[in-house]
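The values are calculated or read from the model by the stated rules, or taken from the named source; none is laboratory data. Everything quoted here is computed from the prediction, not taken from an experiment. Here the Cβ positions follow ideal geometry from the backbone for every residue, glycine too, while neighbour counts run over all protein chains shown. Please note that ligands, DNA and RNA were not included when accessible areas were found on the heavy atoms of the full protein model with its side chains. Shrake-Rupley method; radii C 1.70, N 1.55, O 1.52, S 1.80 Å.
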Amino acid sequence: MGAPSALPLLLLFACCWAPGGANLSQDDSQPWTSDETVVAGGTVVLKCQVKDHEDSSLQWSNPAQQTLYFGEKRALRDNRIQLVSSTPHELSISISNVALADEGEYTCSIFTMPVRTAKSLVTVLGIPQKPIITGYKSSLREKETATLHCQSSGSKPAAQLTWRKGDQELRGEPTRIQEDPNGKTFTVSSSVTFQVTREDDGANIVCSVNHESLKGADRSTSQRIEVLYTPTVMIRPDPPHPREGQKLLLHCEGRGNPVPQQYLWEKEGSVPPLKMTQESALIFPFLNKSDSGTYGCTATSNMGSYKAYFTLNVNDPSPVPSSSSTYHAIIGGIVAFIVFLLLILLIFLGHYLIRHKGGALPLS
């Protein structure tokens, strides 16, 4: 019977006792604060509040337990630390131009009996530096494989790197993380490998660093790449529907990197070639039917050659009305008009004679 009767006494003792005699339900003399996160170079505000100050003042101390402010009195000579608010119920201070070394646990104390404290963990974010892209040395050939490297240092916690080509995301290697010599920040790096096409000529390969300290701001570096590829060609006639007697230009429009330096014109069934020149157009000053046929244009650069074909059909010249035909048409119109007027006149004359004859008959 002895042991069970002692248990309620032990529970009552445990509930009523606490260090310093604190009330476990609520202690109005207990100060409270909050953890803060700040970007290196920014400003952080530390606020400590208490309901019942018991005629005592609040105090802020840094992680090294150096007193910063006791009430409204400055204790540490650091111009970065300024008083924001000091009342019996609140002590707020600000730290500007925060450095990585300022990170740690700050203590707010109130010197009651016993002394009560609250902790505020200040986390300082290291801003990553603008990324650097390496690995691109010179122009790439079509279908060649390119590998680029990207690196950014100074982030805390470690940043992440992403790649894109224009608006298209590129899948790079996972971000590699290395601690910087200061033991606080990190250097991150990544590589991307891709096969280039002619559409990549002039494209920008972008490496971006993502980190909470940037708050959504873009921090990236781009590398423009040049891709060498064989030319392509198409032939365009000017005018589009040539007729006999007209002037015609056949334009050999070449596209490539580098652009074609030489154009060779040929006509099927004709030997030797018509023209070899740096000019891209073949000119016909005065077309005739014998110019009809299939023409080929070969565009050449130091990356290779490409040949296109065009079939020329010379249409008949546009019909032009002769002056004699025009004259006869005008005369015919005039004659028809005169005949029409005479016919009208005869009709009216006939009606007049009939009426006149009827009026002249003798009465019986």
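Listed values, structure above:
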read-out	value
Of residues in the stretch 276-292 being among the hydrophobic types (A, V, I, L, M, F, W, C) and more than 16 Å from ALA308 (Cα to Cα), the one surrounded by the most Cβ atoms within 10 Å (Cβ to Cβ)	LEU287
Tabulated pairs, the stretch 257-275, first more than 15 Å from ALA308 (Cβ to Cβ) and hydroxyl-bearing (Ser, Thr, Tyr), second modelled with pLDDT of 90 or more and surrounded by 13 or more Cβ atoms within 10 Å (Cβ to Cβ), C-beta under 9 angstrom, 6+ apart or interchain	SER270/GLY293
Matching residues, the stretch 248-260, being of a type outside the set (D, E, K, R) and in contact with a strand residue (DSSP E or B) (Cβ under 6 Å, 6 or more places away or on another chain)	LEU248, LEU249, LEU250, HIS251, CYS252, GLY254, GLY256, ASN257, PRO258, PRO260
Listing of strands (runs of 3 or more DSSP E) fully contained in the stretch 242-307 that carry 2 or more residues being polar (S, T, N, Q)	293-301
Pick from the stretch 104-129, criterion touching a residue at least 60 places away in the same chain (Cβ under 8 Å) and charged (D, E, K, R), ranking: most open to solvent (accessible area, probe 1.4 Å)	LYS119
Filtered residues of the stretch 87-103 (kept if part of a strand (DSSP E or B) and open to solvent by 60 Å² or more (accessible area, probe 1.4 Å))	THR87
Residue among GLY296, GLY245, GLY269 that is at positive phi and either touching a strand residue (DSSP E or B) at 6+ places or on another chain (Cβ under 8 Å) or exposed (fewer than 12 other Cβ atoms within 10 Å of the Cβ) (or both)	GLY269
Contacts under 9 angstrom Cβ, first residue in the stretch 67-95 being free of Cβ contacts under 8 Å to residues at least 60 places away in the same chain, partner open to solvent by 80 Å² or more (accessible area, probe 1.4 Å) and among the hydroxyl-bearing types (Ser, Thr, Tyr), 6 or more apart	ARG80/THR43; SER94/THR43; ILE95/THR43
Condition check for ASP27: among the charged types (D, E, K, R), modelled with pLDDT under 95, over 30 Å from SER213 (Cα atoms) and buried (at least 16 other Cβ atoms within 10 Å of the Cβ)	yes
Residues of the stretch 299-314 that turn out to be without any contact (Cβ under 8 Å) to a residue 24 or more places away in the chain and open to solvent by less than 20 Å² (accessible area, probe 1.4 Å), as a count	0
Among (1) closer than 30 Å to GLY256 by Cα; (2) in contact (Cβ under 8 Å) with a residue 12 or more places away in the chain; (3) open to solvent by 60 Å² or more (accessible area, probe 1.4 Å), the one test that LYS137 misses	(2)
Number of positions in the stretch 34-86 that are in a strand (DSSP E or B) and either among the acidic types (Asp, Glu) or not assigned by the TED database to the domain that holds ARG116 (or both)	1
